[in-house]
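Comments concern the structure below.
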Amino acid sequence: MKAHLLKHYIQPENMLWWYGWNIFLAHRVLTIGEHLDSIDSITSKEIVTCAQKYLSIKNVHVAALGSISESDIQFKN
């Protein structure tokens, strides 16, 4: 997600779109930096909780980039 944001919004017209929609939806200017920080604040527990809610456990395949260990991921039936 972070790579997509940085690649896509480096163009001035896309950056203007970003700020326009943030003002419309959030009623304030949400910077790309703030959004990147919010992505960094997502914990492995939150990812697992979301996956358990929306994904079928019998067909789960997970790919993770970054500092994550096998002990961070626990699936429950």
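Some observations on this one:
- Read-out Rg/Rh (Cα atoms, Kirkwood Rh), derived from the coordinates shown; its label in (i) 1.09; (ii) 1.13; (iii) 0.91: (i)
- Eligible aspartates and glutamates near K45 by straight Cα distance, threshold 14 Å, same-chain separation 8 or greater: E70, D72
- Cα shape, segment 1-45, gyration tensor, a/c 1.5 rule: oblate
- Y54-S67 pseudo-label distance in nm [points 7 Å out on the Cα-to-Cβ vector]: 2.7
- Check: segment 4-77 dipole with +1 on Lys, Arg Cβ and -1 on Asp, Glu Cβ, in debye: 320
- Within the accessible area of segment 2-58 (1.4 Å probe), percent carbon and sulfur: 66
- Projecting the Cα positions of V48, L5, H35 onto the charge dipole of the chain (unit charges on Cβ atoms of Lys, Arg, Asp and Glu, taken about the Cα centre) puts V48 furthest along the positive direction.
- Candidates S41, S67, S56: whichever shows maximal mean-square fluctuation once the chain is modelled as a Gaussian network with Cα springs under 10 Å: S67
- Solvent-accessible heavy-atom area per residue, rounded to whole Å², over the chain at 1.4 Å: 86
The values are calculated or read from the model by the stated rules, or taken from the named source; none is laboratory data. All figures in this text were calculated on a predicted structure; none of them were measured in a lab. Reconstructed Cβ throughout: ideal geometry from the backbone, glycine too, with neighbour counts over all protein chains shown. What goes into the accessible areas is simple: the full protein's heavy atoms, side chains included, and nothing from ligands, DNA or RNA. Shrake-Rupley method; radii C 1.70, N 1.55, O 1.52, S 1.80 Å.
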